[in-house]
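Every read-out reported here was derived from the displayed coordinates using simple, explicitly stated rules and does not represent laboratory data. Just so it is clear, the structure is predicted and the values come from calculations on it, not from any experiment. Methodologically, a virtual Cβ is constructed for each residue, glycine included, from the backbone with ideal geometry; neighbour enumeration extends over all protein chains shown.
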């Protein structure tokens, strides 16, 4: 199977685990066997071969004082790992900075550039050698459960990124080349965004010259200050829908009259405006004490650009209720200041008034936050 097919196969297993709610009791060993071993296999490393995969590996500088690596992946003939994997149980949300820092330091000391932090569902690729950046992720963390959904990346994009971790790509230094290009791209976009949004004088002068002084510097500055960037890292050609190679080939063979144009996805801002409600899973203790008692919810992973579109929050109560029974109007959404979650990009939601009770709404069990339209949810 291709990497994409392997990833979609793992996604099916994850959804099945959440549907049956076996995810709650899954141990780290079981998570490795069911989800992480197949993931390693998808990358092109054989878990049954000691030449390619070692479990509990310890070696290199100061090995006797170091924590064992859950997985060390090798290219055949190499005595040094090319990738270190830190594995956690499925219910672990990988929010502890200490876990990532330990894995990064261990990889760095042993001259291993790449770390993968995963719970079988969430995949985070970290760069051990880039000590200048606070965020060591080479590209945004993604969940296999969310592949090909509104809030996830496409399975094709995920396969494309992970193909850089295969033995052939690493030995051919494709990942090193990708890293330089990706960092340059991110830095250039960030720099341009700052120059434009802050109406940098050099940009203003350039635009005024191009417009042949039709607009004043103040007018151009005002226009630049109103621009906001929403960067879609998963898009291909702006304004054009994605289509697989197989789909394009099939369209080319059809008679002209029977060709149907692929449906173009709505603009992301339009989809976000429709999905005005965030749904968060919760245990009974947290639901009663925090949501009902304190009229708030905490440590929610959100895209900053999506926050203005969120008007309501609903809580999915897991065992024994297994339904949404309350929702609340959002008063404000602020970055978490709790030390445990600070710097993790997580947010704290405060309610406007008391939560509103509704008739139980059954949805598929989920580990992470999801989105919905309140009117449709209540209907």
**Study point:** Label-to-label distance, nm, for residues given as residue 1 and residue 352 (7 Å Cα→Cβ offset)
**Key:** 4.6 nm
Review point. Which order do peptides 18-27, 99-108 fall in by mean Cβ count within 10 Å, highest first?
Key: 99-108, 18-27
Practice item. Just grab the label-to-label distance for residue 68 and residue 171, each label 7 Å out from Cα along the Cβ direction, in nm (one decimal). Key: 2.8 nm
**Study point:** Segments 157-170, 366-379 sorted - mean Cβ within 10 Å per residue, highest first
**Key:** 157-170, 366-379
Practice item. Write down the Kirkwood hydrodynamic radius of region 176-225, to one decimal in angstroms, obtained as one divided by the mean of 1/r over all alpha carbon pairs. Key: 12.0 Å
Exercise for review: Please work out how much length the chain gains when fully extended from residue 269 to residue 130, using 0.36 nm per residue of separation minus the C-alpha to C-alpha distance, in nm with one decimal.
Suggested key: 46.7 nm
Practice item. Considering Cα pairs under 8 angstrom that are at least six residues apart, work out the relative contact order of region 3-174 and quote it in whole percent. Key: 22 percent
Study note, to complete from the structure: Here the averaged projected area of region 269-378, based on the convex hull of its alpha-carbon atoms and given in nm², is 6.7 nm²
Exercise for review: Multiply the residue separation of residue 48 and residue 302 by 0.36 nm, subtract the distance between their alpha-carbon atoms, and state the gained length in nm to one decimal.
Suggested key: 87.6 nm
Revision key, fill the gap. Computed Rg/Rh for region 3-174 (Cα atoms; Rh = Kirkwood radius) stands at 0.94
Review point. Remind me, what semi-axes does region 78-190 give for its equivalent ellipsoid, largest first in whole Å, using sqrt of 5 times each Cα gyration tensor eigenvalue?
Key: 20, 19, 15
Review point. Between residue 335 and residue 321, how many nm apart are label points set 7 Å from Cα along the C-beta direction?
Key: 3.2 nm
Review point. Which FRET efficiency value, to the nearest 0.05, is calculated for residue 198 and residue 148 with the Förster distance at 41 angstrom and r the Cβ-Cβ distance?
Key: 0.65
**Study point:** Antiparallel %, DSSP beta bridges [both residues in region 3-174], to 5
**Key:** 75 percent
Practice item. May I ask you to order 140-147, 113-120 by the average number of other C-beta atoms within 10 Å around their residues, highest value first? Key: 113-120, 140-147
